[in-house]
Each structure stands twice: as structure tokens, then as C-alpha cells.
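Asker: Got a structure here, written out as C-alpha cells. Questions coming.
Values quoted throughout were computed directly from the atomic coordinates according to the rules given, and no laboratory measurement underlies them. What you see is a predicted model; the values in this text were computed from it and never measured. Please note: Cβ atoms are built from the backbone with ideal geometry, for glycine as well, and neighbour counts cover all protein chains shown.
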2 protein chains.
Amino acid sequence: MADDNIVYIGRKPTMNYVLAVVTQFNAGSDDVIIKARGRSISRAVDVAEIVKNRFVQGAKITDIQISTEQLTGEEGRTANVSSIEIFISK
Amino acid sequence: MADDNIVYIGRKPTMNYVLAVVTQFNAGSDDVIIKARGRSISRAVDVAEIVKNRFVQGAKITDIQISTEQLTGEEGRTANVSSIEIFISK
């Protein structure tokens, strides 16, 4: 599947997501994309840095994209939320 | 001064930093660098997106760098903290 190598960052402990990324690489992926929105963006950067510096030899951050997504709440109101995509290759 | 066009993101409201970036552009800068560490990284992305989408016509994000900085606490202990630099040009 095309989405196999995407890791979405939520509110779990940072190391859970580090493990998810490392698992992707160990399963044979050459590229992993880390995605996050809102306050989880800081955690996404932590995950990328920890993977690169401590767990995956030769891993490099090849691209970082930021954008704004429009979310629609239960009452139909829309809110803008920032998002980030961090591309890591080994 | 070389540091004139850097805006450091802290814990103030997001719009304070948006205003700081817009002021840099209005003062004649063609490039502004937004820097943040730790949990302020999410806010830095918000600032960049708001400046680009709402305040500075033609502004583009030209580069994003992330890294890890070692901070030394009062007791001599060191902690790793992630940081981000977002480069915006108009």
C-alpha cells in the first residue's frame, strides 16, 4: 500500500512513534514520511531527530513541508490548523 | 546587523510573532528566519503559515531546517531539545 510508510504523530509518548518509524525502515522501506498537525508538530520534529541521531544509521531528512489544513468541527465551524510532513530517507 | 531578520518564537500569543515577521518585511527585509525550540516549534509553523497566507503577498517558504541542540541546565545536566528554522522570502 502507498500509505505504508507514513507515520502519523498523535499524543502518545514520543518513543512510540520513534519505534514505528524504525520498524518501517527495518521492514525494508527506504523512505518514511512523518506527519503531524497542530501541537503534535513539535513531537514530529523530536521523532525525526531521534530517529536520525540515535536509531537509523545514515538516515537523512530529505524534505520538510508545512501547510494549513481546514478542519470542520461538529457544529460546522471551520478551523485552520498547521501541519508538517517530514521526509526521512536512509 | 546580521541578526535583524531573525524572529525567535517563545510563549507569547502567536499573533505577536506574526506582527514581528510582518514588521521585518515592511522594513525592507526580503528574507526572514523564524526560529523556535521545543514546544514552540508548533507555534513557529503557525506563524509562518499565517504570514504566508494572510499578511505578506507573494511570501514563500524557501527552506526548513530542523536540528537538535544540547542545553545545559543549572545543575550541569544536559538535555537535548529539537529546534526549527523556517526561511521565508517575499
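Asker: In nm, what does the list of distances from B:S67 to its counterparts in the other copies look like, shortest first, when each label sits 7 Å along Cα to Cβ?
Answerer: Copy-to-copy label distances for B:S67: 2.9 nm.
Asker: Mean shadow of the protein assembly as shown, computed from the convex hull of its alpha carbons, in nm²?
Answerer: For the protein assembly as shown, the mean projected area of the Cα convex hull comes to 13.0 nm².
Asker: To the nearest 20 debye, what is the magnitude of the charge dipole of the stretch B:3-89 about its Cα centre, counting +1 on the Cβ of each Lys and Arg and -1 on the Cβ of each Asp and Glu?
Answerer: 380 debye
Asker: Can you sort B:Y8, A:Y17 so the residue with the fewest Cβ neighbours within 10 Å comes first?
Answerer: B:Y8, A:Y17
Asker: Can you grab the distance from the C-alpha centre of the stretch B:15-39 to the C-alpha centre of the stretch A:62-90, Å, no decimals?
Answerer: Here the two parts' Cα centres lie 21 Å apart.
Asker: Just need log10 I(q)/I(0) for chain B at q = 0.13 Å⁻¹, Debye formula, equal scatterers on the alpha-carbon atoms, no solvent, rounded to two decimals.
Answerer: Here the Debye-derived log intensity ratios amount to -0.43.
Asker: Give the lysines reachable from B:K12 as a straight Cα distance under 27 Å; neighbours fewer than 8 places away on the same chain don't count.
Answerer: A:K12, A:K35, B:K35, B:K52, B:K60, B:K90
Asker: Which loop-located GluC sites (Glu not before Pro) does chain B contain, where loop means any DSSP state but H, G, I, E or B and the Cβ has at most 13 other Cβ atoms within 10 Å?
Answerer: Loop-located and lightly packed - B:E74, B:E75.
Asker: How far is helix A:14-26 tilted off the main Cα axis of chain A, in degrees rounded to 10, range 0 to 90?
Answerer: That helix lies at roughly 50 degrees to the long axis.
Asker: Can I ask one more? Quick check on packing: order A:57-68, A:32-43 by the mean number of other C-beta atoms within 10 Å, highest mean leading.
Answerer: By packing density, highest mean first, the sequence is A:32-43, A:57-68.
Asker: Tell me the angle of helix A:40-50 to the major Cα principal axis of chain A, expressed in degrees between 0 and 90 and rounded to the nearest ten.
Answerer: The helix A:40-50 is inclined about 10 degrees to chain A.
Asker: How well do other chains shield peptide A:28-38, expressed as the mean number of their Cβ atoms within 10 Å of each residue Cβ?
Answerer: 1
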